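Since the structure comes first, as structure tokens, the remarks are kept for the end.
Any read-out appearing in this document is the output of simple, stated calculations on the displayed coordinates, not a laboratory observation. Every value quoted in this text rests on a predicted model; they were computed, and no experiment measured them. Reconstructed Cβ throughout: ideal geometry from the backbone, glycine too, with neighbour counts over all protein chains shown.
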């Protein structure tokens with residue numbers, strides 16, 4: 001979880017979590033969403049027989065759940081032109097929309113089949129569609145930039161349509177899948193630096209991190225509030241977050257690991273009494 005390139009292997013959350021009673025294996029993967037975490041655990045990670053499965057949740061976890069082509073959601077990630085599966089809610093049940101990257105990407109750019117597929121299933125397709133119309137002149141590009149800034153601000157005030165239902169359904173499924181293999185899930189709400197400091201214009205905006213925390217606490221999940229953990233560490237922001245404001249420095253990883261160890265050991269002792 002959250003290793004990044006700014007810390008050594010022995011400075012990650014999972015490394016700090018280990019001691020003579022706890023073995024921790026790190027399967028964190030860049031830009032993975034909860035849907036991919038569920039599929040990865042279901043397909044292979046359950047074989048490790050973990051007693052506790054720790055899953056990180058960022059402050060806006062619904063975005064990745066509605067995306068299938070990574071650059072549509074994160075245009076700057078030009079090194080990750082990946083297709084990912086997603087789930088859709090149909091009649092209250094999760095329906096998997098799977099992908100076949102080798103076949104679907106083979107016809108690009110001559111074939112429009114992939115674009116038609118993404119138009120139906122990727123909620124970020126309009127970003128690409130708008131770019132096709134406005135991204136090729138300075139004035140139009142400026143208009144597009146302004147439009148997205150306003151759209152991003154509106155997300156703080158407008159309710160998420162269906163996103164929270166999908167998020168909670170996936171979290172329920174992760175818990176159920178782990179329970180089938182004798183494991184308990186511990187979710188960790190992970191803030192970025194902007195969630196931590198709440199400076200500048202963000203002090204006047206709704207708290208996205210707190211809103212996500214309330215959503216996932218509305219169910220009977222085991223949840224660690226990492227923002228509270230980091231605030232309690234009394235470390236300065238410069239010692240907690242890397243230069244990108246997203247990845248954690250060793251001090252933050254250690255603080256989160258210490259909080260997790262208390263929960264993991266406490267719940268393990270209750271199980272074995």
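Taking the Cβ-Cβ separation of residue 119 and residue 29 as r and a Förster radius of 30 Å, what is the calculated FRET efficiency to the nearest 0.05?
Result of the calculation: an efficiency of 0.65.
Working from the pairwise distances between different alpha carbons, so that the mean of 1/r is found and then inverted, what is the stretch 1-122's Kirkwood radius in Å?
After inverting the pairwise mean of 1/r, the radius is 16.7 Å.
Mind sorting 78, 134 by how few other Cβ atoms lie within 10 Å of their own Cβ, fewest first? Don't jump to the answer; show the numbers that get you there.
Details: 78 9, 134 16.
Least to most surrounded, the residues fall as 78, 134.
Where does the stretch 51-122 land on Rg(C-alpha)/(2.2 N^0.38 Å)?
Cα Rg divided by the expected 2.2 N^0.38 Å: 1.27.
Relative contact order for the stretch 1-115: what percent, with Cα pairs under 8 Å and sequence separation of 6 or more?
Over the stretch 1-115, the number comes to 15 percent.
Please report 100, 207 as a ranked list, fewest other C-beta atoms within 10 angstrom at the top and most at the bottom.
Values: 100 10, 207 16.
Arranged by neighbour count, lowest to highest, 100, 207 become 100, 207.
Please work out how much length the chain gains when fully extended from residue 210 to residue 76, using 0.36 nm per residue of separation minus the C-alpha to C-alpha distance, in nm with one decimal. Before the final figure, lay out each step's value.
Numbers: separation 134, 0.36 × 134 = 48.24 nm, distance 2.68 nm.
Going from the current span to full extension adds 45.6 nm.
Once you put a point 7 Å from the Cα of residue 36 and another 7 Å from the Cα of residue 94, both along the Cβ direction, what distance in nm separates them?
1.6 nm
Give me 192, 108 ranked fewest to most by other Cβ atoms within 10 Å of their Cβ, as a rough exposure proxy. If you can, show how the numbers build up before the last one.
Numbers: 192 19, 108 12.
The most exposed by this proxy come first: 108, 192.
With contacts defined as alpha carbon pairs under 8 Å and 6 or more residues apart, what's the relative contact order of the chain in percent?
26 percent
What share of the DSSP beta bridges in the chain is antiparallel, in percent to the nearest 5?
DSSP beta bridges in the chain are roughly 40 percent antiparallel.
Between residue 132 and residue 169, what is the FRET efficiency for a Förster distance of 25 Å, r being their Cβ-Cβ separation, to the nearest 0.05?
Efficiency for this residue pair is about 0.15.
So what does the Cα-only Debye profile of the stretch 185-263 read at q = 0.16, 0.24 Å⁻¹, as log10 I(q)/I(0), no solvent term?
Each listed q corresponds, in turn, to -0.61, -1.21.
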